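These notes concern the structure reproduced below.
The numbers here are math on the coordinates, done by the rules we state, and not lab data. Keep in mind that what you see is a predicted model, and the values were worked out from it rather than measured. Every residue, glycine among them, receives a Cβ derived from its backbone with ideal geometry; neighbour counts consider all protein chains shown.
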Amino acid sequence: NKFQIREEFMKEYIDDINKFKKEHEEITAKIILVELDLLASTGIIATLTNQINYLTGLEQSANNTTSISNKMNELSKEIDQQNNIKQNIEKLNDD
């Protein structure tokens, strides 16, 4: 009878240990999934950061191009004004 009680106690004890092991494995599996999700999120964030940097570079290029274009237009206007002045002086000299 004592052996039977001891055997039942040992079975319950082993069952409890096995249940604990199973719960521990499930928790470990969930932690691994969360870590994988975090890694994936980190990868996505890095990709988005690269894309933002690329777009920022494109925007800066576009701004530089616009700035150069504006300067060229200003120079073109100045050249036209200089040519007009030159033509006016030539007309005056011809007269």
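Here is how the numbers come out for the structure above:
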{"read-out": "Spherically averaged projected area in nm², based on the convex hull that wraps the Cα atoms of the chain", "value": "6.2 nm²"}
{"read-out": "Given charges at Cβ of Lys, Arg, Asp, Glu: the chain dipole, positive-most of 40, 61, 88", "value": "40"}
{"read-out": "Modelled FRET efficiency - R0 41 Å, residue 27 with residue 50, Cβ distances, 0.05 increments", "value": "0.70"}
{"read-out": "Rounded to whole Å, sorted largest first: equivalent-ellipsoid semi-axes of region 1-48, Cα gyration tensor", "value": "46, 4, 4"}
{"read-out": "Only Lys, Arg (+1) and Asp, Glu (-1) charged, at Cβ; region 1-70 dipole about Cα centre in debye", "value": "100 debye"}
{"read-out": "0 to 90° range, to nearest 10: angle between helix 2-94 axis and the chain longest Cα axis", "value": "0 degrees"}
{"read-out": "The chain: most fluctuating residue of 52, 32, 17 per GNM, C-alpha cutoff 10 Å", "value": "17"}
